[in-house]
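So the structure is just underneath, and the comments pick up after that.
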Amino acid sequence: QPPPPQSEPPSQPPPHPHELPFQQRRVVLADHQRGADATALSRLLLYVPNFLCSLLVVTLLALFLGGIGLILVILWLVSGALVFHRPTESVIARHFLRLRYPTPDERARLEPVWHEVSTRAGVVSRNYELWIEDSDHLNAVAAAGHIVGVTRFAVQRL
């Protein structure tokens with residue numbers, strides 16, 4: 001009796017040019033990954049002159065405006081702190097960056113990758129929220145202080 005004919009496995013479409021190979025593997029943290037490195041600190045120090053110059057401009061404007069100027073300085077300082085206020089971050093992400101919360105399927109695809117990326121970076125993944133941008137382009141954004149946004153394309157294709 002001849003063997004039954006074997007069906008050919010379905011052919012897979014060619015990978016997209018932006019597709020990256022990803023294998024879930026064990027992540028090992030080194031002690032030096034947990035702290036700030038010299039590059040991060042030096043980049044932070046580069047912003048100090050910008051902050052001081054901006055403060056100088058706001059202060060000079062405040063002196064020119066008189067009594068209402070102190071309110072201007074306080075509002076300027078508060079606006080910088082609001083970027084790291086979670087509800088304010090959500091408003092910025094939703095209305096200005098056009099991000100949305102991921103669907104359960106998107107979250108299921110993102111979580112393992114995000115865990116590996118954040119662990120390799122030496123940060124705690126639960127300190128950040130993952131959001132989605134409805135776009136067919138490959139992109140990601142760090143919005144404000146605790147929101148990381150990726151495009152729908154990246155979630156579906158990578």
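Coordinate-derived values only; no laboratory data. What you see is a predicted model; the values in this text were computed from it and never measured. We place every Cβ from the backbone using ideal geometry, glycine too, and count neighbours over all the protein chains shown.
The table below gives the values:
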{"quantity": "Amide H contacts of LEU99 (H built 1.01 Å from N, under 5 Å, at least 5 apart or other chain)", "calculated": "ARG94"}
{"quantity": "For the range 53-146: rounded, prolate or oblate by the Cα gyration tensor [a/c cutoff 1.5]", "calculated": "prolate"}
{"quantity": "Derived scalar couplings ³J(HN,Hα) [the range 54-70; Karplus, 6.51 cos²θ - 1.76 cosθ + 1.60; whole Hz; x for Gly, Pro]", "calculated": "5, 4, 4, 4, 5, 5, 5, 5, 5, 5, 5, 7, x, x, 6, x, 4"}
{"quantity": "Loop trypsin sites (Lys or Arg not before Pro), the range 101-158 (other Cβ atoms within 10 Å of the site Cβ: 12 or fewer; DSSP)", "calculated": "none"}
{"quantity": "Sequence-distant residues sharing a close amide H with GLU129 (under 5 Å, placed H)", "calculated": "ILE147, VAL148"}
{"quantity": "Built amide H within the under 5 Å cut-off of THR151, gap 5+", "calculated": "GLU133, ASN139"}
{"quantity": "Added length on full extension, which subtracts the Cα-Cα distance from 0.36 nm per residue, SER11 to VAL78", "calculated": "18.4 nm"}
{"quantity": "Residue-wise HN-Hα coupling along the range 128-134, computed from phi with Karplus coefficients 6.51, -1.76, 1.60 (Hz; x: Gly, Pro)", "calculated": "10, 10, 9, 10, 10, 9, 6"}
{"quantity": "Chymotrypsin sites (Phe, Trp or Tyr not before Pro) restricted to the range 33-122 and DSSP loop, no more than 13 other C-beta within 10 Å", "calculated": "PHE84"}
